[in-house]
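The values are calculated or read from the model by the stated rules, or taken from the named source; none is laboratory data. Being a predicted model, the structure only gives us computed values, none of them experimental. Please note: Cβ atoms are built from the backbone with ideal geometry, for glycine as well, and neighbour counts cover all protein chains shown. Remember, those area values only see protein heavy atoms, side chains included, never the ligands or the DNA or RNA. Shrake-Rupley method; radii C 1.70, N 1.55, O 1.52, S 1.80 Å.
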Amino acid sequence: MKITFYGHASLGIEVGGKNIIVDPYITANELASHINIEELKADYILVTHAHGDHVLDVEAIARRTGATIVSNAEIAWYFEAKGLKSHPMNHGGSWKFDFGTVKYVNAIHSSSFNDGKYGGNPGGFVIEGEHKNIYIAGDTALTFDMKLIPLRTKLDLAIFPIGNNFTMDVEDAIIASDFVECDKILGCHYDTFGYIKIDKEEAKKKFFDRGKDLMLLEIGDSIDI
């Protein structure tokens with residue numbers, strides 16, 4: 001499984017011969033100005049919630065690639081009404097796709113589109129591939145619901161927001177890593193706006209001091225797990 005960071009909470013995942021884009025917010029992110037969405041491959045687009053900094057480039061990428069949008073029912077139907085392919089889910093449900101199994105899990109946040117339309121309830125995704133399993137928390141507070149994940153799935157990587165103000169901060173993300181029983185963390189949702197700027201070296205040290213590995217990728221860089 002190869003994971004590429006496109007800035008903010010946007011990710012590319014290559015697994016099972018398929019290409020997945022998560023929460024594409026690229027064209028308005030000045031930090032990601034070197035990323036050309038016209039070059040991104042996508043068979044699926046996973047959307048955690050409806051806020052503009054997670055759905056901005058969904059429609060453009062989906063129209064060009066024919067990707068299927070996977071999200072909660074309200075978000076899926078929102079894009080389906082625009083003539084795009086979707087797969088609706090809801091909390092606790094899972095589906096076996098051709099790249100692996102996806103489960104839609106709880107997140108504590110809000111969810112509405114920029115035009116005011118209802119965006120359902122926010123969530124995260126647990127992806128079980130043939131060889132590796134990951135958890136994409138989405139925008140969320142620290143929640144005891146995270147403790148349920150390792151009861152079903154042994155994780156190889158957890159992807160957490162760490163920017164504070166709108167989501168967990170670094171300290172809560174460390175606790176979250178305990179809850180999900182995964183010490184390998186990819187951080188996201190930081191530095192894009194003034195509200196969520198962090199001291200990256202301090203954040204990595206805090207994880208290191210707890211025996212954990214926090215990875216903060218440069219935009220466009222990838223890791224293999």
_Conditions first: (1) within 28 Å of Glu181 (Cα to Cα); (2) charged (D, E, K, R); (3) in a loop (DSSP other than H, G, I, E, B); (4) free of Cβ contacts under 8 Å to residues at least 60 places away in the same chain. Lys103 passes all but one, so which condition is the exception?_
(3)
_Members of segment 142-161 found to be under 21 Å from His49 (Cβ atoms) and either touching a His at 6+ places or on another chain (Cβ under 7 Å) or among the charged types (D, E, K, R) (or both), listed by number_ = Asp145, Pro161
*Could you list all residues from segment 210-225 that are charged (D, E, K, R), over 25 Å from Glu39 (Cα atoms) and either open to solvent by 50 Å² or more (accessible area, probe 1.4 Å) or not in a loop (DSSP other than H, G, I, E, B) (or both)?*
Arg210, Asp213
*Pairs under 8 Å by beta carbon, first residue among the charged types (D, E, K, R) in segment 210-225, partner assigned to a loop (DSSP other than H, G, I, E, B), six or more apart or different chains?*
Lys212/Asp183; Asp213/Asp183; Asp224/Met1
*Scope segment 80-90; condition open to solvent by less than 50 Å² (accessible area, probe 1.4 Å) and closer than 22 Å to Ala107 by Cα; matching residues*: Ser86, His87, Met89
*asked:* Name the single residue that is farthest from Val47 (Cα to Cα) among those in segment 70-95 being of a type outside the set (S, T, N, Q) and in a strand (DSSP E or B).
replied: Trp95
*State whether one or more residues within segment 131-144 are within 22 Å of Tyr195 (Cα to Cα), open to solvent by less than 60 Å² (accessible area, probe 1.4 Å) and in a helix (DSSP H, G or I).*
no
*Would you say Asp191 is touching a residue at least 40 places away in the same chain (Cβ under 8 Å), in a loop (DSSP other than H, G, I, E, B) and of a type outside the set (Val, Ile, Thr)?*
yes
_Residue pairs, Cβ under 8 Å, 6 or more apart or interchain, first in segment 38-55 and among the polar types (S, T, N, Q) and open to solvent by less than 10 Å² (accessible area, probe 1.4 Å), second at pLDDT 95 or above and assigned to a loop (DSSP other than H, G, I, E, B). List them._
Thr48/Ala9; Thr48/Asp23; Thr48/Ala107; Thr48/Pro122; Thr48/Gly138; Thr48/Asp139
*Check whether at least one residue in segment 62-79 is of a type in the set (Gly, Ala, Ser) and open to solvent by 20 Å² or more (accessible area, probe 1.4 Å), and report yes or no.*
yes
*Can you tell me how many residues in segment 168-210 are on the phi > 0 side of the Ramachandran plot and among the β-branched types (Val, Ile, Thr)?*
0
*Can you tell me which residue within segment 194-209, out of those that are free of Cβ contacts under 8 Å to residues at least 40 places away in the same chain and surrounded by 14 or more Cβ atoms within 10 Å (Cβ to Cβ), is nearest to Asp145 (Cα to Cα)?*
Phe207
